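Worksheet for the structure shown next.
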Amino acid sequence: MQEKWLVTGGAGFIGGNFVLRQVLQHNRFIVNLDKLTYAGNLDTLAAVADDPRHHWVQGDIQDQSLVTQLLKQHKPEVVVHFAAESHVDRSIEGPQAFIDTNIMGTFHLLQTVLAYYQSLTDKQQQIFRFLHVSTDEVYGSLGDTGLFTESTAYAPNSPYSASKAASDHLVRAYHHTYGLPVLTTNCSNNYGPYQFPEKLIPLMIDKALTGQALPIYGDGKNVRDWLYVEDHCRAIETVIEQGRLGEVYNVGGNEEWQNIDIVHAVCECLDRLKPTSNSYKEQITFVKDRPGHDKRYAIDSSKLQNELNWKPKETFESGLEKTIQWYLDNQNWVERVKDGSYQGQRLGEDVKQ
Ligand code: NAD
């Protein structure tokens, strides 16, 4: 029988990649609930817009009556929770939306999903899973050495990471208090197709291609671990299928890179794939650092690798090349984000509702 999963935030970057994979590669029926904030983009879902395996619903995870109705109607075996405000700089300028969606939204979703879970038969309860997608930023910042493990104490430093930390704790509490079968993944920085050009890698690709300065915060020595989005999606599938209930799994690419080296790698790849008379590196410039900018994140994903046999398929170099090629081939997607026309689909003129 075809599996039915409910995905929140499936018009965003990672959720969109995840929905496309589930429908097109795994033949799953996906109920896709997304509020369509500025970060939601129906262009990303064009390949499944008319697919009977994709049920698109514009709505808020805080809307308990809508979510209850969707759960009753479709009876999903799995809920995968991506929906969030996700941009650190935006959380510094305006934290309210992060509190509303990431904390209150997750709370309302948990309440609704718990009531649904309690209405299932024993057999259905044994199958049901709630997977919460989170970030390694909840662990704070590292010095020059060490790695975040699943037992690292939480020490979030931005309103974004603090709100995600709160949501992780709520998810954990719903398992321990009410027995909801939850799984949590804490992942490092993702990159890949369909990422908005406000995030580092697509921002640099876009600025390079349009002849603008490539701005680097501070000295560019901040370190992040990077994972290709498809590897993250595969990790989530693995945890849903094999993860131990109530457990947390760190997900990372074992690819620690300084920001300056990322920008150099983007420029070198563009020099190869779309050469001009000058190297794109000449466009690099340094700007004032972001307040509270965490120095280093690095993640130990050996639990996921050893227990569940997951490992990333892409290296940073191979994933970056795929990503840059995708942006070169999909300039129309980028242009529609930049000029705002992607939001014209909000009322569903050309995408099935
Ligand atoms: P994104 O900002 O691209 O997408 C978020 C999606 O959620 C958007 O489509 C938006 O419309 C939707 N949304 C926001 N508020 C909503 C609400 N109240 N109700 C319903 N939908 C709502 O984010 P992303 O980069 O795809 O991240 C997805 C998840 O993965 C987030 O939970 C994020 O914390 C986590 N994560 C992201 C990264 C990364 O590098 N991007 C790394 C680790 C974890």
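The values are calculated or read from the model by the stated rules, or taken from the named source; none is laboratory data. Only a predicted model underlies this, so the values are computations on that prediction, with no experimental measurement involved. Positions of Cβ are backbone-derived with ideal geometry, glycine not excepted, and every protein chain shown enters the neighbour counts.
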Among the residues of the range 8-42, write down those that are of a type in the set (K, R) and more than 6 Å from the ligand (Cβ to nearest atom).
-> R21, R28
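Is it true that some residue in the range 117-130 is hydrophobic (A, V, I, L, M, F, W, C), buried (at least 17 other Cβ atoms within 10 Å of the Cβ), within 12 Å of the ligand (Cβ to nearest atom) and at pLDDT 95 or above? Break it down stepwise before answering.
Looking only at the range 117-130, we keep the residues that are hydrophobic (A, V, I, L, M, F, W, C), and these are 120, 127-128, 130.
When the remaining residues are screened for being buried (at least 17 other Cβ atoms within 10 Å of the Cβ), the result is 128, 130.
Subsequent filtering for residues that are within 12 Å of the ligand (Cβ to nearest atom) retains none.
Scanning the range 117-130, I find no residue that is hydrophobic (A, V, I, L, M, F, W, C), buried (at least 17 other Cβ atoms within 10 Å of the Cβ), within 12 Å of the ligand (Cβ to nearest atom) and at pLDDT 95 or above, so the answer is no.
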Cβ pairs under 6 Å, 6+ apart, first in the range 295-309 and within 10 Å of N250 (Cα to Cα), second crowded, with 17+ Cβ neighbours inside 10 Å and small (G, A, S) = I299/S188; I299/G252; S301/G252
The range 192-209 residues that are closer than 22 Å to T315 by Cα and in contact (Cβ under 8 Å) with a residue 40 or more places away in the chain, paired with ones that are in a helix (DSSP H, G or I) and among the small types (G, A, S) (beta carbon under 9 Å, 6 or more apart) | G192/G319; P193/G16; Y194/G16
Starting from residues that are small (G, A, S) and under 18 Å from the mean Cα position of the chain (by Cα), keep the ones in the range 50-107 and report whichever is farthest from T177 (Cα to Cα).
-> S91
Does T185 satisfy the criteria of being touching a Leu at 6+ places or on another chain (Cβ under 9 Å), crowded, with 20+ Cβ neighbours inside 10 Å and closer than 19 Å to I14 by Cα?
-> yes
Restricted to the range 158-182 and to residues being surrounded by fewer than 17 Cβ atoms within 10 Å (Cβ to Cβ) and free of Cβ contacts under 8 Å to residues at least 40 places away in the same chain, the residue nearest to Y228 (Cα to Cα) is H169
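A quick yes/no check of all residues on (1) modelled with pLDDT of 95 or more; (2) in contact with a strand residue (DSSP E or B) (Cβ under 8 Å, 6 or more places away or on another chain); (3) surrounded by 12 or more Cβ atoms within 10 Å (Cβ to Cβ):
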| residue | (1), (2), (3) |
| --- | --- |
| T285 | yes, yes, no |
| G292 | no, no, yes |
| N306 | yes, no, no |
| K311 | yes, no, yes |
| L320 | yes, yes, yes |
| T323 | yes, yes, yes |
| D329 | yes, no, no |
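Here's the yes/no breakdown for (1) more than 21 Å from V171 (Cα to Cα); (2) touching a Lys or Arg at 6+ places or on another chain (Cβ under 6 Å); (3) free of Cβ contacts under 8 Å to residues at least 24 places away in the same chain; (4) buried (at least 22 other Cβ atoms within 10 Å of the Cβ):
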{"site": "L42", "(1), (2), (3), (4)": "yes, no, no, yes"}
{"site": "L45", "(1), (2), (3), (4)": "yes, no, no, yes"}
{"site": "A49", "(1), (2), (3), (4)": "yes, yes, no, no"}
{"site": "Q69", "(1), (2), (3), (4)": "yes, no, yes, no"}
{"site": "V79", "(1), (2), (3), (4)": "no, no, no, yes"}
{"site": "F82", "(1), (2), (3), (4)": "no, no, no, yes"}
{"site": "E85", "(1), (2), (3), (4)": "no, no, no, yes"}
Any chance you could count how many residues in the range 89-109 are among the β-branched types (V, I, T) and within 10 Å of the ligand (Cβ to nearest atom)?
-> 2
In the range 144-200, what residues are closer than 26 Å to V79 by Cβ, within 14 Å of the ligand (Cβ to nearest atom) and in a loop (DSSP other than H, G, I, E, B)?
-> P156, S188, G192, P193, Y194, Q195, F196, K199
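What are the residues in the range 87-116 that are closer than 27 Å to P291 by Cβ, crowded, with 22+ Cβ neighbours inside 10 Å and modelled with pLDDT of 95 or more, if any?
If we filter the range 87-116 for residues that are closer than 27 Å to P291 by Cβ, which is where we start, we get 87-106.
Retained after the next criterion (residues that are crowded, with 22+ Cβ neighbours inside 10 Å): 91, 98, 101-102, 105-106.
Once the filter is applied, which keeps residues that are closer than 27 Å to P291 by Cβ, crowded, with 22+ Cβ neighbours inside 10 Å and modelled with pLDDT of 95 or more, the range 87-116 yields F98, T101, N102, G105, T106.
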Go over the candidates D89, D50 one by one and state the one that is in a helix (DSSP H, G or I), among the acidic types (D, E) and out of contact with any Ser or Thr (no Cβ under 6 Å at 6 or more places or on another chain).
-> D89
Scanning the range 133-157 residue by residue, those of a type in the set (S, T, N, Q), under 17 Å from the mean Cα position of the chain (by Cα) and farther than 14 Å from D225 by Cβ turn out to be S134
